[in-house]
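The values are calculated or read from the model by the stated rules, or taken from the named source; none is laboratory data. As the structure is a computational prediction, the values presented were derived from the model and not from experiment. Quick reminder, even Gly has a Cβ in these numbers, built from the backbone with ideal geometry, and neighbours come from all protein chains shown.
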Amino acid sequence: MSDEIGGAPVDYRTDSLGAARQGTNPTVLARMQTGWAVIGSTQHLPGYCLLIHDGEADQLTDLPRPARLAFMHDLIILGEAVETACRAADPEFWRINYEVLGNSWHHLHGHVHARYRWEPDDLRTGPVHLYGSVRDTSGYLLGPQHDDLRTAITAAIVSLLGQD
């Protein structure tokens, strides 16, 4: 990960945190207390977002307890914002799922998954990874068709942060 703020532009696809710090990550929704709220590069389940910790932690336990709580608070705010936007956009919105994994990318980050009643029963009640590689097919890639949802999530984050 890049710690440089200046210099050559960082490709957000290979260094999302470095690009966020540079202001060149197009997926950034908002700067939060502990990191960056970003919309997922795939929108298989519309509203998928992540919170990327702006530090060097690999997992929650790398942080002192107050910093862990602050990160989780930001993740909760992001989830609430996603819920607000997705509930308004789709009457079949069902719930929010949260994950803090770190198995593939060894940098502290949290996932926020919007879940919908239109999902197949056998997949809706399990973890998102059960969908497999279909999540990353070209039809679900982040694009202009997600601009309204992205704007709504950003507005909800800003509103919720203003209430803190």
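Structure values in brief
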read-out	value
Filter result (of a type in the set (Asp, Glu) and surrounded by fewer than 17 Cβ atoms within 10 Å (Cβ to Cβ)) within the stretch 55-79	Glu56, Asp58, Asp62
Count - residues of the stretch 105-147 that are more than 16 Å from the chain's Cα centre (by Cα) and assigned to a helix (DSSP H, G or I)	13
Residue selected from the stretch 17-34 under the condition touching a helix residue (DSSP H, G or I) at 6+ places or on another chain (Cβ under 8 Å) and surrounded by 18 or more Cβ atoms within 10 Å (Cβ to Cβ), by the criterion farthest from Leu78 (Cα to Cα)	Asn25
Pick from the stretch 35-73, criterion in contact (Cβ under 8 Å) with a residue 40 or more places away in the chain and in a helix (DSSP H, G or I), ranking: nearest to the chain's Cα centre (by Cα)	His73
Candidates Ala152, Ala81, Ala156, Ala88, filtered to the one that is more than 18 Å from the chain's Cα centre (by Cα) and assigned to a helix (DSSP H, G or I)	Ala88
Positions within the stretch 86-106 being modelled with pLDDT of 95 or more and within 30 Å of Asp62 (Cβ to Cβ), in sequence order	Arg95, Ile96, Asn97, Tyr98, Glu99, Val100
